[in-house]
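Novice: Let me begin by handing over the structure; questions about it come next.
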Amino acid sequence: MPDQQVDLAIVGLGAMGAAIAWQAAVRGLSVAGFDALEPPHTHGSTHGHSRIIREAYFEHPQYVPLVQRAYALWAELEASAETRLFEACGGLMIGRRGRTVVDGTLRAAFEHRLPVQTWAADDVRARVPVLAPDPDMVGVFEPRAGVLAPERAVGAMLDQARQAGAGLFVSERVRGWTSEPGHVDVRSASRHVRARRLVLAAGPWLASILGDLVLPLTVERVVQYWYPTAGDDRFTPARFPVFLLEAPDGRMLYGLPDQGRGLKLAEHHGGSPTTADAVDRQVSNAERATFHAFASRWVRDLPAGPADASVCLYTNMPDGDFLLDWHPSAPGVFLCSACSGHGFKFAPAIGEAVAAMVATGTSSHDLRPFRLGRLA
Ligand SMILES: Cc1cc2nc3c(=O)[nH]c(=O)nc-3n(C[C@H](O)[C@H](O)[C@H](O)COP(=O)(O)OP(=O)(O)OC[C@H]3O[C@@H](n4cnc5c(N)ncnc54)[C@H](O)[C@@H]3O)c2cc1C
């Protein structure tokens with residue numbers, strides 16, 4: 001017999017699972033959430049002190065309504081949790097015209113009438129003197145972009161979920177689940193929960209909890225670097241927007257201003273394939289030097305090298321979009337894999353959409369672009 005019966009069980013309480021637990025609990029669903037570790041932690045995809053949020057979404061205009069809803073929900077969370085999660089500093093998408101980043105940003109801005117400005121390379125250099133784009137590059141500036149605090153946000157979402165009645169079991173790995181019409185049984189070493197619905201939000205561990213289902217997910221090892229720029233106000237949020245620069249060879253460098261822990265720079269993708277359990281979490285001196293050579297080509301006056309580095313994990317779908325869909329053969333089980341290196345900013349909106357989907361079978365957000373069947 002189960003120890004507990006609930007409307008919704010969740011495996012994984014990182015960014016996505018925490019948001020789903022919060023949004024489901026405030027809708028009045030009874031919730032049992034499990035995490036193998038103690039989120040927020042540094043082993044999955046949601047650590048490193050900062051995440052970019054931006055609205056003129058070069059990846060596809062379909063994300064704009066979702067991120068607009070997320071902005072509203074982040075503000076609600078800040079108010080109810082009485083904590084600061086967002087710092088506006090503007091965002092600059094840099095590259096050549098005709099390429100993914102600049103054209104995609106302009107397309108999203110045009111389709112959704114977003115107030116962006118296009119700066120020539122000289123304007124970029126004049127306004128953000130530490131950036132060094134090529135003369136044939138442009139920058140598309142959006143004023144609403146900024147930085148979110150991921151660890152604080154996960155903590156706040158979990159607190160809000162608990163306050164709304166969710167039962168959250170941390171340091172409790174789910175070993176398996178079985179689905180029957182009408183209910184799903186979820187088991188950890190010490191607990192058996194029966195739920196009407198189950199959401200699998202295990203991030204880079206998702207493949208290990210899918211049972212027989214094989215998904216085209218790949219886990220990628222990526223490294224975030226911090227440069228000590230304290231005392232140089234050219235790197236502070238007042239003067240340094242979040243940026244992403246598409247180099248002529250297609251590599252993407254991004255950066256976030258120094259909010260007290262150093263300037264953060266990283267390459268978007270370009271990492272090696274791995275798994276969440278086998279990943280090498282050390283960053284060698286050679287790896288740091290290779291990254292520094294790439295970064296200092298585009299950012300001027302950097303210190304001699306990064307002072308700190310941290311390995312993180314992307315869980316990628318082949319098309320770079322998310323997976324938000326019912327399990328194809330297990331009734332009542334919903335798959336939430338919203339990473340592909342860019343999911344954090346959407347977390348509360350995804351939480352809201354998934355909570356509605358498991359409660360009612362529909363959602364006010366259009367989740368069709370994120371169905372598994374799109375890849376067929
Ligand atoms: C370096 C880096 C930079 C990024 N930058 C940005 C950015 O600037 N903007 C942006 O929007 N997005 C960004 N992203 C993407 C974003 O951070 C991810 O989309 C998001 O954090 C994914 O959250 P998640 O909940 O899917 O995974 P996670 O936060 O990893 O959570 C998964 C959880 O599942 C738990 N779990 C696993 N297996 C089990 C089990 N069997 N039982 C119980 N629990 C289990 C784990 O312990 C973990 O806590 C970045 C990602 C990385 C790695």
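Novice: Given the criteria farther than 18 Å from Leu265 by Cβ and in a helix (DSSP H, G or I), does Tyr71 qualify?
Specialist: Judged against the criteria, Tyr71 is a match.
Novice: Taking the residues in segment 190-216 that are surrounded by fewer than 21 Cβ atoms within 10 Å (Cβ to Cβ) and outside any loop (DSSP other than H, G, I, E, B) as candidates, determine which candidate is nearest to the ligand (Cβ to nearest atom).
Specialist: The first filter runs over segment 190-216 and keeps only residues surrounded by fewer than 21 Cβ atoms within 10 Å (Cβ to Cβ), leaving 190-192, 194, 196, 207-216.
So of that shortlist, the ones also outside any loop (DSSP other than H, G, I, E, B) come out as 192, 194, 196, 207-209.
Values: His192: 14, Arg194: 17, Arg196: 19, Ala207: 10, Ser208: 7, Ile209: 5 Å.
Step by step, filter segment 190-216, then rank; the result is Ile209.
Novice: Just to be sure I understand, how many residues within segment 29-39 are near the ligand (Cβ under 8 Å from one of its atoms) and in a loop (DSSP other than H, G, I, E, B)? Talk me through it step by step, then tell me what you get.
Specialist: Here is the first cut: in segment 29-39, the residues near the ligand (Cβ under 8 Å from one of its atoms) are 34-37, 39.
Within this subset, residues satisfying the condition of being in a loop (DSSP other than H, G, I, E, B) are 35-37, 39.
Total satisfying the criteria: 4.
Novice: Filter segment 279-294 down to residues that are out of contact with any Pro (no Cβ under 8 Å at 6 or more places or on another chain) and in a helix (DSSP H, G or I) and give me whichever is farthest from Leu206 (Cα to Cα).
Specialist: Ala293
Novice: May I ask you to list the residues in segment 296-310 that are among the aliphatic types (A, V, I, L, M) and either crowded, with 20+ Cβ neighbours inside 10 Å or in a loop (DSSP other than H, G, I, E, B) (or both)? Step through it out loud before you land on a result.
Specialist: Step one: list which residues in segment 296-310 are among the aliphatic types (A, V, I, L, M), which gives 299, 302, 304, 307, 309.
Within segment 296-310, Val299, Leu302, Ala304, Ala307 qualify.
Novice: Another one. Being away from the ligand (no atom under 12 Å from the Cβ), touching a residue at least 12 places away in the same chain (Cβ under 8 Å) and farther than 25 Å from Val199 by Cβ is true for just one of Pro65, Pro115. Which residue is that?
Specialist: Selected residue: Pro115, the only one of Pro65, Pro115 that is away from the ligand (no atom under 12 Å from the Cβ), touching a residue at least 12 places away in the same chain (Cβ under 8 Å) and farther than 25 Å from Val199 by Cβ.
Novice: Report the residue count in segment 94-112 for those that are free of Cβ contacts under 8 Å to residues at least 24 places away in the same chain and not in a helix (DSSP H, G or I). Break it down into steps so the answer makes sense when it comes.
Specialist: Applying the first criterion (free of Cβ contacts under 8 Å to residues at least 24 places away in the same chain) to segment 94-112 yields 98, 110.
With the extra rule that they be not in a helix (DSSP H, G or I), the set shrinks to 98.
Count: 1.
Novice: Does segment 132-146 include one or more residues that are in contact with a strand residue (DSSP E or B) (Cβ under 6 Å, 6 or more places away or on another chain), within 21 Å of Ala15 (Cβ to Cβ) and surrounded by 15 or more Cβ atoms within 10 Å (Cβ to Cβ)? Walk me through how you get there before you give the answer.
Specialist: Here is the first cut: in segment 132-146, the ones in contact with a strand residue (DSSP E or B) (Cβ under 6 Å, 6 or more places away or on another chain) are 133, 137-142, 145-146.
In the following step, the residues that additionally are within 21 Å of Ala15 (Cβ to Cβ) were identified as 145-146.
Keeping just the survivors that are surrounded by 15 or more Cβ atoms within 10 Å (Cβ to Cβ) gives 145-146.
Within segment 132-146 (the criterion being in contact with a strand residue (DSSP E or B) (Cβ under 6 Å, 6 or more places away or on another chain), within 21 Å of Ala15 (Cβ to Cβ) and surrounded by 15 or more Cβ atoms within 10 Å (Cβ to Cβ)), the answer is yes, since at least one residue qualifies.
Novice: Another question about this same structure. Which ones in segment 155-171 are touching a strand residue (DSSP E or B) at 6+ places or on another chain (Cβ under 9 Å) and surrounded by 22 or more Cβ atoms within 10 Å (Cβ to Cβ)?
Specialist: Kept after step one, since they are touching a strand residue (DSSP E or B) at 6+ places or on another chain (Cβ under 9 Å), are these residues of segment 155-171: 158, 161-162, 164-170.
If the condition is that a residue be touching a strand residue (DSSP E or B) at 6+ places or on another chain (Cβ under 9 Å) and surrounded by 22 or more Cβ atoms within 10 Å (Cβ to Cβ), then Leu158, Ala161, Ala166 are the ones that fit.
Novice: Report, ordered by the first and then the second residue, all pairs with beta carbons closer than 6 Å, sequence separation of six or more or different chains, a first member in segment 16-40 that is buried (at least 24 other Cβ atoms within 10 Å of the Cβ), and a second member that is at pLDDT below 95.
Specialist: Final answer for the pair search is Met16/Ala338.
Novice: Would you mind finding the one in Ala309, Ala330, Ala304 that is without any contact (Cβ under 8 Å) to a residue 24 or more places away in the chain and more than 15 Å from the chain's Cα centre (by Cα)? It would help to see each step written out before you state the result.
Specialist: Values: Ala309 fails: without any contact (Cβ under 8 Å) to a residue 24 or more places away in the chain; Ala330 fails: without any contact (Cβ under 8 Å) to a residue 24 or more places away in the chain.
Going through Ala309, Ala330, Ala304 in turn, the sole match is Ala304.
Novice: Something else now. Give the number of residues within segment 330-342 that are more than 15 Å from Val11 (Cβ to Cβ) and surrounded by fewer than 24 Cβ atoms within 10 Å (Cβ to Cβ).
Specialist: 4
The values are calculated or read from the model by the stated rules, or taken from the named source; none is laboratory data. This is a predicted model, so every value here is computed, not measured. Because the Cβ atoms are built from the backbone with ideal geometry, glycine has one as well, and the counts that use them run over all protein chains shown.
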